[in-house]
Amino acid sequence: MWVYTDKVRELFNNPKNVGEVEDADGVGEVGSLSCGDALKLTFKLDDEGRIIDAKFQTFGCASAIASSSALTEMIIGKTLDEAGKITNQDIVEFLGGLPDKKMHCSVMGQEALRAAIANYRGEKLPKEDSEIVCECFGVSEREIVDAIQHNSLTTLEQVTDYTKAGGGCGTCHERIEAILEEVMGLAGAEPKPEKPAKPRLSNIQRMKLIEETLEKEIQPNLAKDGGSIELVDIVGDRVLVSLRGACATCAASDITLKHYVESKLRELVTDTLVVEEVAQ
Amino acid sequence: MKTIYVDNNATTRVAPEAFEEMTPYFTELYGNPSSMHFFGGQVQQKVEEARERVAGLLGARPQEIIFTSCGTESDNAAIMSALQCNPEKRHVLTTRVEHPAVKNLVAHLKREGYRVTELPVDRHGLLSMEDVSRTMTDDTAIVSVMWANNETGVLFPVEEIATLAKSRGVIFHTDAVQAVGKIPMNMAESQIDMLSLSGHKLHAPKGIGVLYVRRGTRFAPFVIGGHQEEGRRGGTENVPYIIGLGKACELAATNLAEKNLRVKSLRDKLENGLLEMIGNSIVNGDREQRLPNTSSISFEYVEGESILLKLSDKGICASSGSACTSGSLEPSHVLRAMGVPFTAAHGSIRFSLSFYNTEEEIDYILEVIPPIIEKLREISPFWKGPTARSCAAS
């Protein structure tokens, strides 16, 4: 059973601003029946351009309904510029938190708000020009990038929790990993503090550390998917390994090697290491 | 607040009679059934009595009963044994609507290089015997088809499939976890080679299961260890739970037809009442070929988790095939395999009754649900009033 905060339960049981604003100035619709949740947001502006009324209709779980209700409460009284700054994190804070797997409900709120504002301004949403990455849930690259940036996401699983992308057939997982790497790379280029320099290792120390990292860090994680890895040799910076179990027949093993094994070894041992698979 | 428990396909309460019979085996009678002394011997006798009681419910011989830790272990043991005993055969035949205990195991076998066929079902959740016959080949090591579906209660013609498998020399296994204790069965007149059951689905505790293996069926143990269960399942017997299961099976076998009739009439009252009072509601699965206790019903344009949470606040415990309840993002594989439209799949609720349920409870549920659905539909952007076209009609 999900653990919801009192605020989520309260807004789920007694949602505020349910319905449709008459003669709405802005209308935003996101999600669909097939996705399992959908939100229609309508708002009206006063003469000074402030939101005087906002209403929602939501199909979805408790956290989707609570997020929608929270959103309407948060935007009433704000100008569009002020409202436009509201992020999904603000919605989560308003609710006193959401379970990880439900973060996409808060993102849906933010998306609906943007859509409604764009609708009022007669603008196209940036996501409309963006390529769809996850076909199952119709999630665009733009939405994924936004979610990663606003919430400092680092893993595929988190991207799925926040945007639903990758939660269906799974064929877009590689693409999401690539987007993650790209966005994190950009973020890392600017404010990220320099990593502490790794101590210089003797050859023997380095070999031991590679062996230890493979055994203690990497092997247990591969084992979760029924896979296994074996160190064959170390030649200079080249770490020669052989994949076994599920990894040996897995189509994604290249990605596992490069994106996981190599990056882990670079992180924990030396950042010049290159992992190569060799046949036994 | 009174608890109204209509989630008996998830788990059941331990029958007080079963619990009572178990308790001395935690405290005074703690001997090991394998021991040579009288203290263990008396425990062994009680374990054998439980074996007879389980066999009695199934119409089997006591030697055909192997105690395991759960339904999942039984399913795994059956399928892995068939593969090990027929190493030249590389094909597994099953369905798309199996419990994860089978579904995820065959997915694993696929990765290991086995050929796996998962037969589709029609929109009523039924299998085509023609499909079964066509896909069963000389290479098929085992056919594993569940007896009753956990989500919809739909029954598969396992006896018919077992007979077909026997005529082709293929081992037939059925995951009967949801069926045992709910419908009559008689292994003496059946061609089923292996059958799994789980204690906690029939008023015994969680953590005990059985694999029935027909006499003469080759069997390779899944848990290798001591000589327990005649070398077919290593590990010291879970004595109190075995005894509890024995008692629960004896209780289940008593007045089964009469109890079923009562459970079925409560289920039908609930189902018909909901269909009558709530527009755009649909029963998932064939209404005839079905367990007497289960009703999977979809309320269009609302989402299952929301319904469950509101029911839970009223003390009512049920389940949903909706995506949100499982933590996955897609609705249940069973409803998807049946082609239940998304309008309905996300709003499906499973009620599963037991003979502990009362008519008052059903009346209470019928009183509570309509306003819940109405309120959620008021919030839903897709609900355009009861004139909305029902997807079920398309």
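Just a few scattered comments:
- The residue list B:F351, B:F342 contains one member that is among the aromatic types (F, W, Y) and modelled with pLDDT of 90 or more, which is B:F351.
- Scanning the stretch A:63-91 for residues that are surrounded by 24 or more Cβ atoms within 10 Å (Cβ to Cβ) and of a type in the set (A, V, I, L, M), we see that the one that is farthest from B:G304 (Cα to Cα) is A:I75.
- Filter result (in a helix (DSSP H, G or I) and touching a Phe, Trp or Tyr at 6+ places or on another chain (Cβ under 7 Å)) within the stretch B:116-165: B:V158, B:I161, B:A162, B:A165
- Output for the stretch A:50-62, where each listed residue is touching a Phe, Trp or Tyr at 6+ places or on another chain (Cβ under 7 Å) and of a type outside the set (D, E, K, R): A:I51, A:A54, A:F59, A:A62
- In the stretch A:223-241, of all residues being closer than 15 Å to A:E277 by Cα and within 14 Å of chain B (Cβ to nearest Cβ), the one that is modelled with the highest pLDDT corresponds to A:S228.
- Within the stretch A:1-45, the residues that satisfy the criterion of being small (G, A, S), under 25 Å from B:P371 (Cα atoms) and out of contact with any His (no Cβ under 7 Å at 6 or more places or on another chain) are A:G19, A:S32, A:S34, A:A38.
- When B:R134, B:R123 are checked against the criterion of being basic (K, R), over 29 Å from B:S295 (Cβ atoms) and away from every other protein chain (no Cβ under 14 Å), B:R134 stands alone in meeting it.
- Residue check for B:L270: of a type in the set (A, V, I, L, M, F, W, C), at pLDDT below 95 and within 30 Å of B:L126 (Cα to Cα): no
- Among (1) surrounded by fewer than 19 Cβ atoms within 10 Å (Cβ to Cβ); (2) over 27 Å from B:F222 (Cα atoms); (3) of a type outside the set (A, V, I, L, M), the one test that B:G153 misses: (1)
- All of (1) surrounded by fewer than 17 Cβ atoms within 10 Å (Cβ to Cβ); (2) modelled with pLDDT of 95 or more hold for B:L245 with one exception: (1).
- Helices (runs of 4 or more DSSP H) fully within the stretch B:281-354 that include at least 3 residues being closer than 14 Å to A:F59 by Cβ, within 18 Å of the chain's Cα centre (by Cα) and within 11 Å of another protein chain (Cβ to nearest Cβ): none found.
The values are calculated or read from the model by the stated rules, or taken from the named source; none is laboratory data. This one's a predicted model, so the numbers in the text were calculated from it and none came from an experiment. Neighbour counts run over all protein chains shown; Cβ positions are idealised from the backbone, glycine included.
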